[in-house]
Amino acid sequence: MAFSFFFRDHFILERLAEVVANEVLGKKEIKIWDAGCALGQEPFTFAILLSEKVGYFTFKRVKIYATDIDETGEFERTIKAGIYPKKDLERIPNEILEKYFIKYDEDSYKIVEELHRKVVFVKHNLLDLKPFETGFDAIICKNVLLHFIYSDRVKVMEMFYWSLKDGGYLAVEQTQKIPKELENKFVQLFGDVSIFKKV
Ligand SMILES: C[S@@+](CC[C@H](N)C(=O)[O-])C[C@H]1O[C@@H](n2cnc3c(N)ncnc32)[C@H](O)[C@@H]1O
């Protein structure tokens, strides 16, 4: 259930990074919520892609909240350490690996401090339907909603709606649709990528 890897669905995350990057100018802080973050592969991938788009200096204004139900505490420990085995990093392009990771020991790499400190883990159960914060510029929730029954999916997506700023973005996996109950709350931004804008 916690299956994930670095650069998974990177075309969705890359497009979201582009959209968010276009709006960074003039904003004091950019707040992102990655809901169902597993061991942190996804929030760190998004951090890398956004940093590539806006540069380290502007990236200082970004904060990514990575949340998960994390029943064993393993996700929190891993994200706080920021250390991943070499085999988990195989899909990361070489130049990106060299720029954003440092060798930790023979078999593992550590994410660079500039990025690491921008990703904060919060233990959170989506089905409690209580946002731990609001005012997000974007929410990423991929490969999580499909595990919920339809009525819960609608409630969780409605919670995302209220947690986003006006005009904020919701990115989900390609097969996920906006339920008919929420059709007046989100519009799809692009025909080919599952990114929706809060109406
Ligand atoms: C398949 S992983 C997806 C990881 C990542 N988002 C991705 O796309 O690669 C699903 C994650 O959702 C988390 N999850 C499942 N139910 C949850 C809930 N009720 N609240 C928060 N997270 C949950 C699991 O712990 C797991 O880490």
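Structure data summary
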quantity	calculated
Residue pairs meeting the criteria (Cβ under 7 Å; at least 6 apart or on separate chains; first of a type in the set (S, T, N, Q), in the stretch 1-14; second part of a loop (DSSP other than H, G, I, E, B) and surrounded by 18 or more Cβ atoms within 10 Å (Cβ to Cβ))	S4/A38; S4/L39
Residue in the stretch 1-18 that is closer than 25 Å to D128 by Cα, near the ligand (Cβ under 10 Å from one of its atoms), at pLDDT 95 or above and surrounded by fewer than 23 Cβ atoms within 10 Å (Cβ to Cβ) present	no
Scope the stretch 123-155; condition over 14 Å from A38 (Cβ atoms), within 16 Å of the chain's Cα centre (by Cα) and β-branched (V, I, T); matching residues	T134, I139
Test set (1) assigned to a helix (DSSP H, G or I); (2) crowded, with 18+ Cβ neighbours inside 10 Å; (3) in contact with a Lys or Arg (Cβ under 9 Å, 6 or more places away or on another chain) - I79 fails condition number	(3)
Which listed residue is closer than 19 Å to P43 by Cα, free of Cβ contacts under 8 Å to residues at least 60 places away in the same chain, of a type in the set (K, R) and within 12 Å of the ligand (Cβ to nearest atom), from K110, K123, K142, K130	K123
Exclusive hit being more than 16 Å from the chain's Cα centre (by Cα) and in contact (Cβ under 8 Å) with a residue 12 or more places away in the chain, set T45, T58	T58
Residues that are part of a strand (DSSP E or B), over 20 Å from E23 (Cα atoms) and either of a type in the set (A, V, I, L, M, F, W, C) or modelled with pLDDT under 95 (or both), drawn from the stretch 120-171	V120, F121, V122, C141
Residue among D88, D34 that is among the acidic types (D, E) and either over 20 Å from V193 (Cβ atoms) or surrounded by fewer than 23 Cβ atoms within 10 Å (Cβ to Cβ) (or both)	D88
Qualifying residue in the stretch 172-185 (condition: touching a helix residue (DSSP H, G or I) at 6+ places or on another chain (Cβ under 8 Å), in a helix (DSSP H, G or I) and closer than 21 Å to A2 by Cβ)	no
Residue match in the stretch 53-68 (condition: away from the ligand (no atom under 14 Å from the Cβ), surrounded by fewer than 21 Cβ atoms within 10 Å (Cβ to Cβ) and closer than 20 Å to S163 by Cβ)	yes
Test: residue in the stretch 166-174 that is within 12 Å of the ligand (Cβ to nearest atom), surrounded by 19 or more Cβ atoms within 10 Å (Cβ to Cβ) and either at negative phi or within 14 Å of the chain's Cα centre (by Cα) (or both)	yes
So K198, is it away from the ligand (no atom under 13 Å from the Cβ), surrounded by fewer than 18 Cβ atoms within 10 Å (Cβ to Cβ) and modelled with pLDDT of 95 or more	no
Qualifying residue in the stretch 20-43 (condition: at positive phi, part of a helix (DSSP H, G or I) and away from the ligand (no atom under 16 Å from the Cβ))	no
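Per-residue answers, yes or no, for (1) within 16 Å of the ligand (Cβ to nearest atom); (2) farther than 19 Å from A47 by Cα:
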position	(1), (2)
E71	yes, yes
D88	yes, no
K99	no, no
E114	no, no
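The values are calculated or read from the model by the stated rules, or taken from the named source; none is laboratory data. In this text the structure is predicted, and so the values were computed from the model without any measurement. Counting neighbours? That spans all protein chains shown, and the Cβs are built from the backbone with ideal geometry, glycine included.
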